[in-house]
2 protein chains.
Amino acid sequence: MRAFSIVLKEIKTISIIGSGNVAHHLSRALVGECKILSIHSRNQATGFELAEEHFTFFAESIEDLIPADLFLICVSDDSIAGLIDRLPKDQKVAYTSGAVGLTELPAHSDLGVLYPLQTFSKEQNVDLDSVPFFIEARNTDFAQELFDLAWKLSRTVVYASSEDRKNLHVAAVMVNNFVNHIYALAEDFLRDKKMEFKYLKPLIEETTRKILENSAEENQTGPARRGDTKTIQKHLSLTEGEVKDIYQILSESIINRYKHD
Amino acid sequence: MRAFSIVLKEIKTISIIGSGNVAHHLSRALVGECKILSIHSRNQATGFELAEEHFTFFAESIEDLIPADLFLICVSDDSIAGLIDRLPKDQKVAYTSGAVGLTELPAHSDLGVLYPLQTFSKEQNVDLDSVPFFIEARNTDFAQELFDLAWKLSRTVVYASSEDRKNLHVAAVMVNNFVNHIYALAEDFLRDKKMEFKYLKPLIEETTRKILENSAEENQTGPARRGDTKTIQKHLSLTEGEVKDIYQILSESIINRYKHD
């Protein structure tokens, strides 16, 4: 137990680096909670637009960013390391990536992570309140400051190591990118057959409703789950190319999972 | 144009064969629209239970079923042909399968299909109103009678050939069974890493919201979409076995799709 309570610094001012989807959504959510002092982005057009939206200063060069309680880096994974090298050594800095580990980055005394596990696109509003934020920092006080900041945006904030965050990112790619790709393949397949994808939407909604309530293993149905190789063979004869390959691989994987039932 | 309007027979009485998930949900929806005269099922326990629920007669043998405006067969694909052979020749019969073509079944004068494109499980109530029903029959009057019956249950009823129905079934397996299997693999992966699947749920909800509004191709994001092979390699090093194989195959498929952007 601590004998004296520690007074943590509250993050009240922020400068943002980046003007992509994450910068867009986080800045909108943060603007009610703290003051955005400046924004820098390699993309002048979208960076200027974002600064204008928040009535704040657009820093044409990274050196022009206004020092703040936090610099929040919302750029692509490959650009993070190069940016950190150019920032003032005494500036607290956090980035928003799931895939980049803290130890992979250059030495910087106050460096942390605030990773929102969600897919963002500019056109779609996202309710950040339900988005889980994963927090990590090289020192515990800064980690707690980041936790408190995320807590202002979301009801799910969790401390997580770089390894945990990377694993979550792998799983996120699976349930978002891979699932969406299967939708794309189904869209293609039906388009080829002159059928409309819209007929699948109630089924997609129901599939989602079930995974939100039960485990995926319990929810599984269908020919591969039943070991109904006759229907699988029929379906393979109706498909070709990539759809056929992926049909086969995923069916085999389902059959293997349930074969001991 | 027809010079005289045809008076179609309205389906007012039904006997049901089967007591699985489809029989369960369709009988519940039909009971408000017509009279269920009898139910037969190979599974005596669930069959009797379903008959009891609807205060109707349980036929221990198929020959004991009470003749009705329609016999509705809700059994597994492999059992349909054998059943049709045992039914009175003048009895109108429809089945609910997506994968079985009309011409694959024995000769029977009034044979049709009423295929609800949805995943059913007994524990979950389904709002049939939004479920698409696909209708086919060997003669057009019977097809229209089935259409009118389905129209009492749903706002989406469509005439579709056996071929269309089979293609829809392939696509349904993709967006339901395969998507659910990816959820299962993500669940396994996170369990191995001592992380909780629940953190993915807001992302799954958002992924679904997007596919209901836009095309899958537009919605795609992530490392494979960006051609970010560095992150893909990192993710492959974090995975193993089946998850690794499927990660690789689906990533390659996404890369191929967008490589000409």
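The values are calculated or read from the model by the stated rules, or taken from the named source; none is laboratory data. Quick caveat, the model's predicted, so the values are computed rather than measured. Neighbour counts run over all protein chains shown; Cβ positions are idealised from the backbone, glycine included.
Against the conditions (1) touching a Cys at 6+ places or on another chain (Cβ under 9 Å); (2) outside the structural domain of A:Ala150 (by TED's automatic domain parsing); (3) hydrophobic (A, V, I, L, M, F, W, C), A:Leu8 satisfies every one except (1). Does segment A:134-148 contain any residue that is closer than 25 Å to A:Ser19 by Cβ, within 14 Å of chain B (Cβ to nearest Cβ) and without any contact (Cβ under 8 Å) to a residue 12 or more places away in the chain? Looking through segment A:134-148, none of the residues is closer than 25 Å to A:Ser19 by Cβ, within 14 Å of chain B (Cβ to nearest Cβ) and without any contact (Cβ under 8 Å) to a residue 12 or more places away in the chain.
Looking at the structure I just gave you, is A:Lys244 surrounded by fewer than 13 Cβ atoms within 10 Å (Cβ to Cβ) and in a helix (DSSP H, G or I)?
Values: surrounded by fewer than 13 Cβ atoms within 10 Å (Cβ to Cβ): no; in a helix (DSSP H, G or I): yes.
No; evaluated as a whole, the condition is false for this residue.
Being surrounded by 14 or more Cβ atoms within 10 Å (Cβ to Cβ), under 17 Å from B:Ala150 (Cβ atoms) and under 22 Å from the mean Cα position of the chain (by Cα) narrows it down to one of B:Leu50, B:Leu26, so name that one. Write out each step before concluding.
Details: B:Leu50 fails: under 17 Å from B:Ala150 (Cβ atoms).
Result of the check over B:Leu50, B:Leu26: B:Leu26.
Checking each residue in segment A:184-196 for being touching a Phe, Trp or Tyr at 6+ places or on another chain (Cβ under 8 Å) and surrounded by 20 or more Cβ atoms within 10 Å (Cβ to Cβ) picks out A:Ala186, A:Glu187, A:Leu190.
There is no residue in segment A:84-103 that is farther than 23 Å from A:Glu145 by Cα, part of a helix (DSSP H, G or I) and among the acidic types (Asp, Glu).
Might you let me know whether segment B:251-259 holds any residue that is assigned to a helix (DSSP H, G or I), of a type outside the set (Gly, Ala, Ser) and within 26 Å of the chain's Cα centre (by Cα)? No; the residues of segment B:251-259 include none that is assigned to a helix (DSSP H, G or I), of a type outside the set (Gly, Ala, Ser) and within 26 Å of the chain's Cα centre (by Cα).
Yes/no matrix, rows are residues, columns are (1) at pLDDT 95 or above; (2) touching a Lys or Arg at 6+ places or on another chain (Cβ under 6 Å):
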{"position": "A:Ser5", "(1), (2)": "no, no"}
{"position": "A:Gly18", "(1), (2)": "yes, no"}
{"position": "A:Val31", "(1), (2)": "no, no"}
{"position": "A:Leu37", "(1), (2)": "yes, no"}
{"position": "A:Asn43", "(1), (2)": "yes, no"}
{"position": "A:Asp69", "(1), (2)": "yes, yes"}
{"position": "A:Ile73", "(1), (2)": "yes, no"}
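Condition first: out of contact with any Phe, Trp or Tyr (no Cβ under 8 Å at 6 or more places or on another chain), in contact (Cβ under 8 Å) with a residue 12 or more places away in the chain and over 26 Å from B:Pro132 (Cα atoms). Can you find one or more residues in segment A:239-249 that meet it? Yes, that holds for at least one residue.
Every condition in (1) more than 21 Å from A:Ala99 (Cα to Cα); (2) more than 7 Å from chain A (Cβ to nearest Cβ); (3) β-branched (Val, Ile, Thr) holds for B:Thr229 except the one numbered (1).
Going residue by residue through segment B:78-95, is there one that turns out to be surrounded by fewer than 19 Cβ atoms within 10 Å (Cβ to Cβ), without any contact (Cβ under 8 Å) to a residue 24 or more places away in the chain and of a type in the set (Lys, Arg)? Yes, the conditions are met somewhere in segment B:78-95.
Selection of segment A:107-146 for residues being small (Gly, Ala, Ser) and either within 15 Å of the chain's Cα centre (by Cα) or surrounded by fewer than 16 Cβ atoms within 10 Å (Cβ to Cβ) (or both) yields A:Ala107, A:Ser109, A:Ser121, A:Ser130. Just to be sure before I move on: is B:Thr119 among the hydroxyl-bearing types (Ser, Thr, Tyr), assigned to a loop (DSSP other than H, G, I, E, B) and touching a residue at least 40 places away in the same chain (Cβ under 8 Å) in the structure I sent? Criteria met by B:Thr119. Being surrounded by fewer than 18 Cβ atoms within 10 Å (Cβ to Cβ), over 20 Å from A:Ala137 (Cβ atoms), modelled with pLDDT of 95 or more and of a type in the set (A, V, I, L, M) is a property that A:Ile62 has.
What number of residues within segment A:25-56 satisfy the criterion of being assigned to a helix (DSSP H, G or I) and not small (Gly, Ala, Ser)? Matching residues across segment A:25-56 total 11.
So which of B:Ile73, B:Ile11 is free of Cβ contacts under 8 Å to residues at least 60 places away in the same chain and surrounded by 15 or more Cβ atoms within 10 Å (Cβ to Cβ)?
Numbers: B:Ile11 fails: free of Cβ contacts under 8 Å to residues at least 60 places away in the same chain.
None of the other options fit; the residue is B:Ile73.
The residues of segment B:184-208 that are assigned to a helix (DSSP H, G or I) and more than 8 Å from every other protein chain (Cβ to nearest Cβ), listed by number, are B:Asp188, B:Arg191, B:Asp192, B:Lys198. Quick check, is B:Val100 closer than 16 Å to B:Ala23 by Cα and surrounded by 12 or more Cβ atoms within 10 Å (Cβ to Cβ)? When the stated conditions are applied, B:Val100 does not pass them.
B:Ser97 - would you say it is under 18 Å from B:Phe133 (Cβ atoms) and of a type outside the set (A, V, I, L, M, F, W, C)? When the stated conditions are applied, B:Ser97 passes them.
Return yes or no: is A:Thr156 at the interface with chain B (Cβ under 7 Å from one of its Cβ atoms) and either surrounded by fewer than 23 Cβ atoms within 10 Å (Cβ to Cβ) or of a type in the set (S, T, N, Q) (or both)? Answer is no for this residue.
Yes/no per residue for (1) among the small types (Gly, Ala, Ser); (2) surrounded by fewer than 22 Cβ atoms within 10 Å (Cβ to Cβ):
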site: A:Val175; (1), (2): no, no
site: A:Ala216; (1), (2): yes, yes
site: A:Asn219; (1), (2): no, no
site: A:Arg225; (1), (2): no, yes
site: A:Asn256; (1), (2): no, yes
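Quick check, is A:Ala68 in contact with a Leu (Cβ under 6 Å, 6 or more places away or on another chain), part of a helix (DSSP H, G or I), assigned by TED's automatic domain parsing to the domain that holds A:Val113 and surrounded by 15 or more Cβ atoms within 10 Å (Cβ to Cβ)?
Spelling it out, it is not the case that A:Ala68 is in contact with a Leu (Cβ under 6 Å, 6 or more places away or on another chain), part of a helix (DSSP H, G or I), assigned by TED's automatic domain parsing to the domain that holds A:Val113 and surrounded by 15 or more Cβ atoms within 10 Å (Cβ to Cβ).
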